[in-house]
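The values are calculated or read from the model by the stated rules, or taken from the named source; none is laboratory data. Keep in mind the model is a prediction, meaning the values are calculated, not measured. All Cβ positions, glycine included, derive from the backbone under ideal geometry; neighbour counts span all protein chains shown.
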Amino acid sequence: MRVIMRRLRAIMAEPSDGQARLDKIVKQIAGLMVAEVCSIYLRRQDGSLELFATEGLNTSAVHNTRLKRGEGLVGRCAELGVPVNEPEASSHPAFSYRPETGEEIYHSLLAVPILRGGALLGVLVVQNRTPKVYSEEDVEVLETTAMVIAEQVVAGAVAGAGAAIAAERTLPTMVQGESISDGIALGHIVLHEPRVVVTNLIADDVEAEQARLETAVQALQSSLDDMLGHEGLARAGEHREVLETYRMFAHDRGWLKRMGDAVKEGLTAEAAVERVQNSMRARMMRQNDPYWRERQRDLDDLSDRLLRVLAGKTGGTAAHSDLPGDTILVARTLGPAELLDYDRAKLRGLIVEDGGSQSHVAIVAKALGIAAIGQAAGVIERVSTGDAAIVDAESGQVHIRPSPEVVNAYSDKVRFRARRQHKYAALRDVAPVTKDGVRIALHINAGLLVDMPHLAESGADGVGLFRTELQFMLSPTLPRLDKQTEVYRAIIAQAGGKPVVFRTLDIGGDKVLPYLRRHGEENPALGWRAVRMSLDRPALFRTQVRAMLRAVGEGELKIMVPMVSTPSEMDAARALIDKEMELARKRGPAPSCVQVGTMLEVPSLLYDLDALMQRVDFVSVGSNDLLQFLFAADRANPLVAKRYDTLSVAALRVLRQIVDAAARHHVPLNLCGEMAGRPLEAMALIGLGFRSLSVSPVSVGPVKTMIMSLDIARLGEHLRALLDSGRGTLRPELEKFAEGDSIEI
C-alpha cells in the first residue's frame, strides 16, 4: 500500500492536467494490482456514468461509453454505494455488454464507489481474465485510490468532469419525508452537527499521523466515559445499554487496528477514519438484519465524532454558533432538549432523517410553531451548509437549492397562508357555533410552558390535554416535588382562568427517562407504561398528584389518567388521588373540586364502557393510540401507518359507541387525538356526537372555520346512513358532502 501511496503522491504532484493524471492512475493501479484492466467511470449530471480513463479496455471507448443510472455491475455499484466483487462478471444477470469496450474477454470484476462527503462521484473498476474473488486488501487498495480520485474531481482538475460534478452540488433536488409539524419555511441550511470534509489524504509524516490518531481516539473514548459517568445517565436502564454498546464500538480492537493500518499505509489520520468508515459501511449495508443497520448508524456517528476531534471541532452542535436569521436545521436525529437550545427567533424550519410525527422532537417543534419534516432519508448527504431550502410540511417535501420558479411559487403560498392565518386570527374571539346553533368546545393540546401563549392567541376554550411527561423528559434528573409544583402553577397562571386538564405521566413505549431504570421489553408500546408504571410505583404517581394539588391551591383541578385498560385500574388510581386529597385538606388550603377522568385509548375498555363511565368524571378519547391498537398498525411505522383510514367505517363505529355510552351516563366527552385537528375528520367527529375537541394550537382556526359553516342536523342524518350501509372508508363520501354543503374543510 505504501508503494501505491508514493506513486499516487508523485502523480498528483506532476504539472499535468487532470485527464493525464487519471490516465496515469489507472495505469499504475493496473500494474500494482496485477490487473489487466483498470477503469474510471465518473457520474454526470443526469446520473449516467461516463468512462473517463482506462488501462486495458479499448481507448476509443473513453468519453464515448456511458452507462445509464443503475446499468450493469458498474451502475449497480454506483446505485448501492458498495463494492461489487464478482468472479464471473459476464455471467451475472446485471452484467451490461458494451462491445465498444472489448471487455467481454474478462471474467472477474471489482468495482468500488468514488465517494466524497457521502456523495457519489463515480466508480473505480479492475478486471482480470482469470475468474477470482478479490481479497479485502484489493478492496482497500481500490477504496484508497478512489478517495484520491475524488479529490481530483472535486478540485476541478479533471476537464469535463469537475464542472459536471460541481454542478451536481448546485442542482435543485427534492427529498420526500413526513410532515411532523405543519407549516412552510424558506431559508438556508444549517447542519446540527457540522460535517468534516477530509481534503488532505496522503500523509507527509506517517509517525506523526499515527500519534494524532492515537490522541484523538483516546479523547473520543474519554468523552464517552464522561458521558456514561454523568449523573443523569449513571443509573442502569435501556439508555445505558445503548451507550455501553456505543462505547464498546469505540474500544473495538478491529476498528482501531484497521484505522492504524491505514495510517501505516500512508494515509492521514482523517483519511484513514473515512476509508475504514466507508469500508465497514459497505459490509454492514449488505446485511439484511436490522441490528447491523442500526450498528452502521452507531459506527457512522462514532466516525464523525472522531473526525471532529481530529479537526479540532469539538464545540458540539451548531446551536451556539452564529446562525443565519432564516435557519433550516438539518439533523440525523435530534432530541427535544437539543431543539430548545436553538434561538427560536432564527429557526424557520427543521428536517430530521429519523424522527416521525409521534417523536418527542415533533411535539416540541409543534409547540414552537416550527415547520418540520421527519423520515427524510438521505437528506444529510445531499445538502451543504448555506444551501437554500424550502420545508413544505404540508406535503412532506424538502426542496434543496430550489429554482427561482419554485421559490416564487412558495413565496406566493407563504403569503396565502399568512392571509389565511390573518383570517383565523380575526375569529379568535368568535365562538365556534354551528349554523344550526350548536356550541362546540375547542381546546388545545400542550406539554410545555412555551405552548401556553397559544391559548390566548387561538382563542381556545382551555387546555384539553397537558402532557406532563415532557417536563420529565427534558430534565436530566427526576423533577422534585417543588419543581413540579412550580411548573404546574405557572401553567395554571398562564391559562388565565381557563380550564387545564393535566394528564399524569405517560412514560414508557418510546418515551424513555434516562434516570429511571427500565426493563428490556420486546414491545414497549404494549408494556410497562403510563398508569401501569404509576400503580407499580405509587410514590412517583402520588408525588405528581401532590404537586398538582399544591399548584391549584383552592381552585379546581382536572386530572386525567392515561392508558387505562380495565375499570379496576381506574379504581386503584382514584384511590391514590383520594389519599393525596385527604392529606391536602389536612394541610390546607385544598382544591374546591377535583375531577378525575381517563384517556380512553385501549380497545379492551370498549367492552366495559358502562362500568368505566360509572367511575369517572370525564373521558377523553386518545384516538392516536386507540386506532393504532384497533388496527394493530404502528402509526410511527411508515410501512404500516397508512394501512388504515381514521374515517373508515370500523373506526367511526367504535367512536360512535363511545359517544353513546357517555351520553347514557351523562359523562362529559372529549377527543384529543390528531384526527380532531383535521377539519374533515373533525366534521365527522361532530357528526358522531362529539361536542368537545382538543387540537394543536395551529388547528384551532381551520377547525373553527369548518364548525361555523356546518349544519349538524344535516350532517348527523347523512353520517348515520353512511355508517349503517357503508364499508371501507367514508372519506370520499364525507368530502362530497362537505363540498355539496359548502363546508370549509
### Task
Return yes or no: is R691 under 13 Å from V621 (Cα atoms) and of a type in the set (D, E, K, R)?
yes
### Summary
Checked A425, A441 against criteria (in the same structural domain as A676 (by TED's automatic domain parsing), surrounded by fewer than 23 Cβ atoms within 10 Å (Cβ to Cβ) and out of contact with any His (no Cβ under 9 Å at 6 or more places or on another chain)); the one match is A441
### Message
Which of the numbered conditions does L448 fail, given that it passes all the others? Conditions: (1) out of contact with any strand residue (DSSP E or B) (no Cβ under 8 Å at 6 or more places or on another chain); (2) closer than 22 Å to I743 by Cα; (3) assigned by TED's automatic domain parsing to the domain that holds R714.
### Response
(2)
### Query
For F690, are the conditions met, namely being at negative phi, aromatic (F, W, Y) and in a loop (DSSP other than H, G, I, E, B)?
yes
### Query
Looking at E486, E457, E469, which is the one that is of a type in the set (D, E) and within 25 Å of the chain's Cα centre (by Cα)?
E469
### Query
Looking at (1) of a type outside the set (D, E); (2) buried (at least 22 other Cβ atoms within 10 Å of the Cβ); (3) farther than 15 Å from S648 by Cα; (4) touching a helix residue (DSSP H, G or I) at 6+ places or on another chain (Cβ under 6 Å), which is the only condition A682 fails?
(3)
### Query
So, of the residues in the stretch 599-644 that are of a type in the set (D, E, K, R) and closer than 30 Å to A376 by Cβ, which turns out to be modelled with the highest pLDDT?
E601
### Subset of the stretch 677-731 (residues that are polar (S, T, N, Q) and closer than 25 Å to V500 by Cα)
S692, S694, S696, S699, T705
### Message
Can you pull out every residue in the stretch 9-25 that is small (G, A, S) and in contact (Cβ under 8 Å) with a residue 60 or more places away in the chain?
### Response
G18
### Task
Would you mind finding the one in L600, L606 that is over 19 Å from R574 (Cβ atoms) and in the same structural domain as V561 (by TED's automatic domain parsing)?
L606
### Task
Just one of (1) surrounded by 13 or more Cβ atoms within 10 Å (Cβ to Cβ); (2) among the charged types (D, E, K, R); (3) under 18 Å from H666 (Cα atoms) trips up E580, so point out which.
(3)
### Message
Any residue that is more than 37 Å from the chain's Cα centre (by Cα) and touching a residue at least 24 places away in the same chain (Cβ under 8 Å) - is there at least one of those in the stretch 73-87?
### Response
yes
## Note on the structure
Heads up, the helices (runs of 4 or more DSSP H) in the stretch 206-317 (entirely inside) with at least 2 residues that are modelled with pLDDT under 75 are 206-228, 238-250, 269-285, 290-310
### Task
Inspect the stretch 124-144 for any residue being in a helix (DSSP H, G or I) and more than 23 Å from V3 (Cβ to Cβ) and give the result as yes or no.
no
